[in-house]
Amino acid sequence: MVAGGEVGGDQGGLAVGWVASLKQRARALKSEVLAVFLAARHPRTPWYAKLLLVAIVAYAVSPIDLIPDFIPVLGFVDDIILLPFAIAFAVKLIPADVMEECRARARQETPDATRAGRIGAVIIVLLWVALFVLAAIWARSSFAHNETREILEGGQTLRSSP
């Protein structure tokens, strides 16, 4: 029989192992995405594979989805299931030797990509901060009391609040 302390320790170990596995998969996915990008630009990649990859990227960044995202659970099915299957299909259309060459290049270029990734992350964080500040300014001006709004607009109030 397992004591309560041991079960807690095992769960912690499983969580750490799961997080490590997830990080490893994320690194592999990052490298694979770069390899697919390189393969799309490779001269020996067939035109139909390039066309499919362009269509996948266009669909992924398009605001129009097959299943709208606002539908609970089903809205993200196309993003979670359809896009990975479409990418896997496109990879199968790329010749194996081209894909292997691009994977090797992706493994070599990964350190340079981390700098670009950090710059991209900083830009995204700055955009979110700017959106938050703009939303706060809008909310303050929209929901301010009439007296406060008149003061903000340079008007004078004739009555005082109780």
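Annotations
- Where a residue in the stretch 47-65 is within 13 Å of D78 (Cβ to Cβ) and its partner, wherever it lies, is surrounded by 12 or more Cβ atoms within 10 Å (Cβ to Cβ), with Cβ under 7 Å and at least six apart: I56/L83; I56/A86; I56/I87; I56/A90; A60/L83; D65/D78
- Cβ-Cβ distances below 8 Å connect the following pairs, each with a first residue in the stretch 91-103 that is over 12 Å from P46 (Cβ atoms), a second residue that is hydroxyl-bearing (S, T, Y), and a separation of six or more residues or different chains: R103/S31.
- Sub-8 Å Cβ pairs linking a first residue in the stretch 14-40 that is without any contact (Cβ under 8 Å) to a residue 24 or more places away in the chain to a second residue that is surrounded by 10 or more Cβ atoms within 10 Å (Cβ to Cβ), at least 6 apart or interchain, are A40/A49; A40/K50; A40/L53; A40/V54, ordered by first then second residue.
- Matching residues, the stretch 14-53, being over 20 Å from P84 (Cβ atoms) and within 18 Å of the chain's Cα centre (by Cα): none
- Qualifying residue in the stretch 108-120 (condition: at pLDDT below 80, within 16 Å of L29 (Cα to Cα) and hydrophobic (A, V, I, L, M, F, W, C)): yes
- Residues of the stretch 67-96 satisfying the condition of being outside any helix (DSSP H, G or I) and surrounded by 10 or more Cβ atoms within 10 Å (Cβ to Cβ): I67, P68, D69, I71, I94, P95
- Flag if A15 is closer than 23 Å to E109 by Cβ, in a helix (DSSP H, G or I) and either modelled with pLDDT of 85 or more or not charged (D, E, K, R) (or both): no
The values are calculated or read from the model by the stated rules, or taken from the named source; none is laboratory data. Quick caveat: nothing in here was measured; it's all calculated off a predicted structure. Reconstructed Cβ throughout: ideal geometry from the backbone, glycine too, with neighbour counts over all protein chains shown.
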